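Some notes on the structure that comes next.
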Amino acid sequence: MSLVELREHLCATFPDLCPLFSIEFGDGVLQVGPERLHEAMEGLKTLGFDMLGMVTAVDFGEEFELVYRLRAREMGVAIIVRARLPRHTPRAASVTDLWPAADWHEREVYDLFGIVFEGHPDLRRILLPDDWVGHPLRKDYEDPSIIRRPDYR
Amino acid sequence: MSERLVVNIGPSHPSTHGVCRIVVELDGEIVTHAEPIIGHLHRGIEKMAENRTYLQIVPLTDRLDYVGSMYANWAYCRAVERLAGIRVPERAEYIRVIVCELQRIASHMMGIGSAAADTGAFTVFMYAFEQRELVVDLFEALCGSRLTYNYVRPGGVSADLPDGWVDRCRTFIKGHPDAMREIDRMLFGNVIFRARTKGIGVLDAADAVAWGASGPVARGSGVDYDLRRDDPYSMYPRFDFTVPLGERGDSYDRARVRLWECVESCRIVEQALDQLAEYEPGVIMTEGLPRLLAPGRGDAYDHIESARGCLGVYLVSDGGVCPYRMKVRSPAFSNLALLPLLATGHTLSDLIVVLGSLDPVFGEVDR
Amino acid sequence: MAGVDDFAQVLESVPGGGIILTSVDAVADWARGHSLWMMPMGTACCAMELIAASFSRFDFDRHGSIPRPDPRHTDVMVVAGTITRKMAPAVKLLWEQMPDPKWCIAMGNCAISGGIFYYDTYSVVRGVDEFLPVDVYIAGCPPRPEALQDAVLRLREKVRADSMSPGRRRAIEGVLPLPTAGDGTAEGGSE
């Protein structure tokens, strides 16, 4: 199935998600708001996206962007779902009830970005020690032990 | 009446295959809960990448999956090439396929060998490592390093095949399937190994998909999914190969799928070497690449089928010479998350077998 | 070790005691130097080369260096790989479980200084010598198995220069001096 067919399929099934869909760099992208994230993901799952590949986040200063990548084995297409969260309240709904794979991925995002997933069964740090302070992949993370690399390039 | 017992395994334990700590809750000798505690090798590669130029990140990706460095190189380079719109010469793509299939053999030899050693079959580990050393020799002739290759670069590969390399490679892939059949007889026909692995850690196909498992772990459960065939990239559509599948999804099937993948890899390498002969030597890098790559704003994700499954790299660029964000989607991370599901209900010694059959590499799990 | 030192000093003061001390030293150092059992503290990439070294091609066992995963059986800890701040307490704990006399080999750039993970990272301990007394450093990322072999042979030279009497310990060119008591319990690397 091509991305254009995916767009038609998506628009036929979920007309309200249709304007959020675009095609960038050969990927189908669905940009949703944080309040509609879980609903959209549920819709995508019923559409046939059965594999959750990754969950990650990007720090854009004022906002965090959550990035999910889903794959439908039957249809042979993949889609990237993006949701922008405000920095002061980085909260989003967990999708562990839809894909158990999200469990560790969401813990990782919580660990490194401090984004709280509501409804996650066990939201703890996963990579860093439990007593770590701060979320290192945030752009404003400060740690005196970091030595900045001199500019060699 | 039985007593609950909490046992700590690791982080430095010979059968955790790296630095993984597992907190196991036991009822007698039966595992009631196993919780892997990862992150003992979390080196912050994703943060470091934000202050490295695109070319300087390639050596960092070597150290992700250190049993199969070529994969991370390639996955990263594919993401950069997609982001910057670079077209790679076909000869370079063939070389990438060849080295990555050889890398699959080297990596699976480690996986099968250590899984065998976990059940006491140490001899098989020695036999498997002999095959791995042969591949490592080929890589050393190619790029001068035994383990961290830094070979696949954005736009191509760093060096062309040296003189006589193709013949050496052909000699290896001719002998390798026989060595695999020997290991098949020696390990998979062994009564002890069968008793230790059959029916242990059964993963059904629906769980494998829901938990995002990929690679031999998913295929051992009969999930017929291989990115090389189902989301073809590079030169893979031009090769004829089959995807080995397991039936029951137990530890035995997962290990055996790895074995037959090695034989299939030999077939792919052979076809690739035949087709490579038609291309002029020396054209291995895209012409006119700037010394400092600075792709435009945007993001790109690309993935390849590594020895452990779907290895993806997600790059976000703000137009500068360093990526704004790099994320590695590691297959071992997702596969390892299955451990509590698979080990519960088995004995403590079977937990080790299950962990070995998942074949995690902690450089990649923790990044 | 204090008791042994006292004994050695008493022995040296007795006429003919020096001959006994030399002979005992020679036998003890020969035995120690030729059975340096390894505690393979393999955490990352270098662990692969550590495994390769003990397998059939490089066959490390012929030097008497058998990898034993139990710290209580071992004489030399080979730290092969990156040590993170989460891992450092475990490494220190294992080091403390090893019986004296014990030695440490830092294998690879990560164990020497953090190597490629020196800059920009928030979780890596920059060198295992921040909390362990290292005897031999092997450069390389990762070093070849032959380099590890060389390190064990260098360590053997160092072991052979050891004596029960503190005054008789010799320095070896290119090798760091023997650790004095207390080095093994230096401050932890994780600030």
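The values are calculated or read from the model by the stated rules, or taken from the named source; none is laboratory data. None of the values given here were measured: they were computed from a predicted structure. No Cβ is skipped: glycine too gets one built from the backbone with ideal geometry, and neighbour counts run over all protein chains shown. The accessibility values were calculated without ligands, DNA or RNA, using every heavy atom of the protein model including side chains. Shrake-Rupley method; radii C 1.70, N 1.55, O 1.52, S 1.80 Å.
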key: Accessible surface buried upon A-C contact (total; probe 1.4 Å; Å², nearest 100)   = 1100
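Using r as the Cβ-Cβ distance of B:ARG238 and A:VAL4, and R0 as 45 Å, what FRET efficiency do you calculate, to the nearest 0.05?
Once rounded, the FRET efficiency stands at 0.95.
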ask   = Of B:LEU26, B:LEU289, B:LEU142, which is the most mobile in a GNM of chain B whose springs link Cα atoms less than 10 angstrom apart?
value = B:LEU289
ask   = Heavy-atom accessible area per residue, the stretch C:37-161, 1.4 Å probe: how many Å²?
value = 31
request  = Check each of the chymotrypsin sites (Phe, Trp or Tyr not before Pro) in the stretch C:18-93 and keep only those in coil by DSSP with at most 16 other C-beta atoms within 10 angstrom; list them in order.
outcome  = C:TRP37
key: Scattering curve values for the stretch B:174-321, log₁₀ I(q)/I(0), Debye with Cα scatterers, q = 0.13, 0.19 Å⁻¹   = -0.77, -1.18
note = A 1.4 Å probe over the protein heavy atoms gives the protein assembly as shown a carbon and sulfur accessible-area percentage of 53
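If you take the beta carbon distance between C:HIS73 and C:TYR119 as r and set R0 to 41 Å, what does 1/(1 + (r/R0)^6) give as a FRET efficiency, to the nearest 0.05?
Numbers: r = 38 Å, r/R0 = 0.92.
Plugging the Cβ-Cβ distance into 1/(1 + (r/R0)^6) gives 0.60.
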ask   = In the full protein assembly as shown, how much of B:MET285 is accessible to a 1.4 Å probe, in Å² to the nearest 10?
value = 70
request  = Multiply the residue separation of B:GLU278 and B:VAL7 by 0.36 nm, subtract the distance between their alpha-carbon atoms, and state the gained length in nm to one decimal.
outcome  = 91.7 nm
note = With a 1.4 Å probe and ligands and nucleic acids left out, the total accessible area lost when A pairs with B, in Å² to the nearest 100, equals 3800
remark   = The value for the protein assembly as shown (convex hull of the alpha-carbon atoms, volume per residue, Å³) is 173
key: Interface residues in the stretch B:22-53 - accessible area drops by 50 Å² or more relative to the isolated chain, probe 1.4 Å   = B:ILE38, B:HIS40, B:HIS42, B:ARG43, B:LYS47, B:MET48, B:ASN51, B:ARG52
query = Going out from 0 in 10 Å bins, what whole percent of all Cα-Cα distances in the stretch B:126-233 drops into each bin?
reply = 11, 24, 34, 25, 6
request  = Would you mind getting the accessible area per residue of chain A, heavy atoms of the protein chains only, 1.4 Å probe, in Å²?
outcome  = 43
query = Chains B and C: buried accessible surface, both sides, probe 1.4 Å, rounded to 100 Å²?
reply = 3000
request  = Taking 7 Å along the Cα-to-C-beta vector as the label spot, tell me the B:ARG194-B:ALA159 distance in nanometres, rounded to one decimal.
outcome  = 4.7
message = Let me check against my output: what whole-number percent is the relative contact order of the stretch B:53-332, with C-alpha pairs under 8 Å and at least 6 apart?
response = 27
Distance between modelled label sites at A:ILE23 and B:GLU182, nm, 7 Å Cα→Cβ extension = 5.3
task = Run the numbers on the stretch C:82-113: which residues show a drop of 10 Å² or more in accessible area, chain on its own versus all protein chains together, using a 1.4 Å probe over heavy atoms?
result = C:THR82, C:THR84, C:ARG85, C:LYS86, C:MET87, C:ALA90, C:LEU94
query = When all C-alpha to C-alpha distances in the stretch B:272-355 are sorted into bins of 10 Å, what percent of pairs does each bin hold, rounded to whole numbers?
reply = 14, 22, 26, 21, 13, 5
query = Where only protein heavy atoms count, and the probe is 1.4 Å, what is the accessible area per residue for the stretch B:53-332 in Å²?
reply = 32
ask   = If you find the alpha carbon centre of the stretch C:13-71 and of the stretch C:80-158, how far apart are they in angstrom?
value = 16
request  = Mind pulling up the Rg/Rh value for chain B? Radius of gyration and Kirkwood radius, both on Cα.
outcome  = 0.98
message = Please report the spacing between the Cα centers of the stretch A:62-88 and the stretch A:101-153 in Å, no decimals.
response = 19
task = Evaluate the relative contact order of chain A (contact order divided by residue number), counting alpha-carbon pairs under 8 angstrom at least 6 apart; express in whole percent.
result = 18
ask   = How would B:ARG297, A:ARG148, C:ARG160 line up by accessible area, probe 1.4 Å, largest first?
value = B:ARG297, A:ARG148, C:ARG160
request  = Return, for the Cα atoms of the stretch C:29-113, the radius of gyration and Dmax in Å, separated by a comma.
outcome  = 12.6, 38
